[in-house]
Amino acid sequence: MAQTFALISSTAPYTDYDKPKTTVQANSLDIFECLASNEDYKRARKLMVSCILATDMSTHFSEVSKLKTRIEASDYDPKGKDKQLTLTMMFHLADISNGTKDFERCRKWTDLLFTEFFTQGDRERSRGASISYLMDRKTVNIAKSQIGFLDVIVSPAYKTVSKVVQMERNLEHIEKNKARWALLFDEYESKMVAEQEKCVDID
């Protein structure tokens with residue numbers, strides 16, 4: 001999706017403001033109605049595309065580093081020249097926020113996510129293709145993967161943004177959830193081993 005938006009943002013010309021742009025608008029739910037001009041629409045569209053692109057995990061470390069540098073600068077201005085950078089990072093944090101919620105909600109959505117991941121991995125295996133990262137039910141311990149994700153990806157990003165936005169509750173949930181996932185390590189290890197044995201039986 002991020003790649004699609006990158007293509008759109010770089011190649012598609014802006015349409016005239018007074019022409020229909022989305023199905024939503026066609027249904028009289030025009031989210032752009034409050035914009036006063038075509039220039040306002042262009043700015044809103046640019047920000048929306050930037051937010052979508054910010055969910056691309058391949059740019060995570062570079063974007064966090066960029067924001068950290070700006071936050072530490074004496075001229076950091078989240079209401080001015082650094083506004084878009086700050087907004088897109090907040091959008092990205094929302095996209096990876098599962099581990100910052102209470103554990104019951106965190107685990108529910110994590111299990112749903114890995115149901116999708118493992119289904120894709122199964123299809124890749126059946127086609128003789130390489131199995132994508134984290135999508136092989138025979139080798140992935142979900143609890144272990146989540147501890148790593150929180151340690152390497154989520155926590156550093158939230159700590160960076162916490163310098164300008166209140167994130168205390170989110171950071172507390174991250175630490176509590178890491179501890180809860182650690183307690184579930186053996187349970188998910190057993191599930192992984194069972195999947196390995198199941199595949200052996202089938203073979």
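The values are calculated or read from the model by the stated rules, or taken from the named source; none is laboratory data. Values in this document were obtained by computation on a predicted structure and should not be read as measured data. No Cβ is skipped: glycine too gets one built from the backbone with ideal geometry, and neighbour counts run over all protein chains shown.
For the reader, a short list of remarks on this structure follows.
- Filter pass, Val152 being on the phi < 0 side of the Ramachandran plot and modelled with pLDDT under 95: no
- Answer residue from segment 72-115, given it is touching a residue at least 60 places away in the same chain (Cβ under 8 Å) and in contact with a Ser or Thr (Cβ under 7 Å, 6 or more places away or on another chain) and is surrounded by the fewest Cβ atoms within 10 Å (Cβ to Cβ) among those: Pro78
- Taken over segment 116-138, residues that are outside any helix (DSSP H, G or I) and either among the basic types (Lys, Arg) or surrounded by fewer than 15 Cβ atoms within 10 Å (Cβ to Cβ) (or both) amount to 8.
- Segment 139-163, subset of a type outside the set (A, V, I, L, M, F, W, C) and surrounded by 18 or more Cβ atoms within 10 Å (Cβ to Cβ), residue farthest from Glu175 (Cα to Cα): Asn141
- Selection of segment 168-203 for residues being without any contact (Cβ under 8 Å) to a residue 24 or more places away in the chain and assigned to a loop (DSSP other than H, G, I, E, B) yields only Asp203.
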